[in-house]
Every structure is written in C-alpha cells, then in structure tokens.
Amino acid sequence: MREFIYYSTSGRTSGNFDDLMQAGRLDIVCHTIIAAFFLSHNIRKDVKLHIILNGPPDPPKHIEFVYDKDLPISKKDIAGLLKRILYKYKKGIKSNPFPGCFIEKKSFMKVIEELKERNVYVLDKKGEDLYSADIKENPVFIIGDEGGIPKKEKRSLIKTKKIIPISVGPEMYFASHVAVILNNYLDRKGL
C-alpha cells in the first residue's frame, strides 16, 4: 500500500464553502485526490490518502481516503464529497461518514508519529532525486501545498532521520502532478 499525506496550510475545516479557491485552496485538495486515485477508466486500489487541513474555523482536520468498492468517489464531484465529509465531522472521534472516508481532529505531526515505522519521504526541492533514491516497499510520501510544509514541521521531520527528503525534479510542481509522478514511478518499480 502506498500512502500520500497532503498538507494544506489554509484548507477550510468545515463544509461551509462555495468557492474552492476561496476556501483555502480546496481546489488543490480536489486535484490531489483525483491524481492519487484515478486512472483512465479505473481507480487505484493500492492508495491511501491523508489530507491535513489547517484552515479556519476548527483546525486541524485529518481526512483519510482508502479504496472501498462502495467509495462514493467521482471525478465530477470530489468537492461535493469533501464538503459532505467535513459536514459529517463528529467531535472527539474518528468517524466514517462514507465507505473509505474517515475524518477526525488530528494534527499533521500526530499522523506522522503514527506512521514513523514506515518508509516516509518528504517532498523537498533540495532532497535526493526520486530516480536515484532508494525507495522502499509500502512508502509514505508527504506533499505540501503551494506554500510547502511549514519550516517548523519540516525541521522536526528531517531531524528524526527516519524521514527522507526527496525531489521529483528541478522545478516546483503542482501537488497533484507530484502524486501522478510518484504513482507512475511506483508503478514502474512494481512497488
């Protein structure tokens, strides 16, 4: 199972929004969900996606997507699904509002702590090139939003020495493109 963690600094933490861009760039979140799961005429069954939202009014929110045959996911209405998941948040518990969809109040660092025994890589322009890095089985990739992972969290990640900085190339790519590049790389490597 490959996992992606998408960190959104400003993503709205309630379903009360109409404009995805104005809701802390939830449009980027939607594109990343599509890129992580969708293939032409198929959906990936080997992906788990964590979305960490840190915008108003009630940060942080951790939304988790994992394949389920009854997952109500469609490229046409990712925003609607995201909105419904946020509306169905229940204080104090990890709830399962739809098959394959979970939501809870959990910080980015807490999610990382729970995955620390895995092979975790943080996307960093100065990191080791993906194509020369030694990517292990069942990897977890941390992808930041347009502002990247905040410096404090990034320093904490890299200090652990268990989290390896990697780069997908010399340019800054959209988070959704990074998910596609990583999926393609893992497909080609058979990981």
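The values are calculated or read from the model by the stated rules, or taken from the named source; none is laboratory data. Everything numeric in this text was worked out from a predicted model, so none of it was measured. No Cβ is skipped: glycine too gets one built from the backbone with ideal geometry, and neighbour counts run over all protein chains shown.
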(message) Checking D68 against (1) touching a Gly at 6+ places or on another chain (Cβ under 6 Å); (2) more than 25 Å from R188 (Cα to Cα), only one condition comes out false. Which one?
(response) (2)
(message) Looking for something of a type in the set (V, I, T) and more than 21 Å from M1 (Cα to Cα) - is there at least one such residue anywhere in the stretch 148-157?
(response) yes
(request) Return the pairs, sorted by first residue and then second, in which the second residue is assigned to a loop (DSSP other than H, G, I, E, B) and modelled with pLDDT of 80 or more, the first residue lies in the stretch 153-175 and is of a type in the set (S, T, Y), the beta carbons are less than 9 Å apart, and the residues are 6+ apart or on different chains. (result) T160/K116; S167/L130; S167/A133
(message) Within the stretch 50-88, take every residue that is closer than 21 Å to R2 by Cα and among the aromatic types (F, W, Y) and give me the one that is farthest from the chain's Cα centre (by Cα).
(response) Y67
(message) Within the stretch 20-44, take every residue that is part of a loop (DSSP other than H, G, I, E, B) and without any contact (Cβ under 8 Å) to a residue 24 or more places away in the chain and give me the one that is nearest to L71 (Cα to Cα).
(response) H41
(request) Only residues that are among the hydroxyl-bearing types (S, T, Y) and either buried (at least 16 other Cβ atoms within 10 Å of the Cβ) or in contact (Cβ under 8 Å) with a residue 12 or more places away in the chain (or both): list them for the stretch 85-103, please. (result) Y87, Y89
(request) Would you mind finding the one in L115, L49, L82, L53 that is crowded, with 20+ Cβ neighbours inside 10 Å and either β-branched (V, I, T) or within 30 Å of D134 (Cβ to Cβ) (or both)? (result) L49
(request) Can you tell me which residue among F65, F17 is assigned to a strand (DSSP E or B), surrounded by 14 or more Cβ atoms within 10 Å (Cβ to Cβ) and aromatic (F, W, Y)? (result) F65
(message) Given (1) crowded, with 16+ Cβ neighbours inside 10 Å; (2) of a type outside the set (D, E); (3) touching a Phe, Trp or Tyr at 6+ places or on another chain (Cβ under 7 Å); (4) over 28 Å from N119 (Cβ atoms), identify the lone condition not met by K75.
(response) (1)
(request) Just give me the residues in the stretch 127-150 being at pLDDT below 90 and either over 18 Å from the mean Cα position of the chain (by Cα) or surrounded by 16 or more Cβ atoms within 10 Å (Cβ to Cβ) (or both), in sequence order. (result) G148, I149
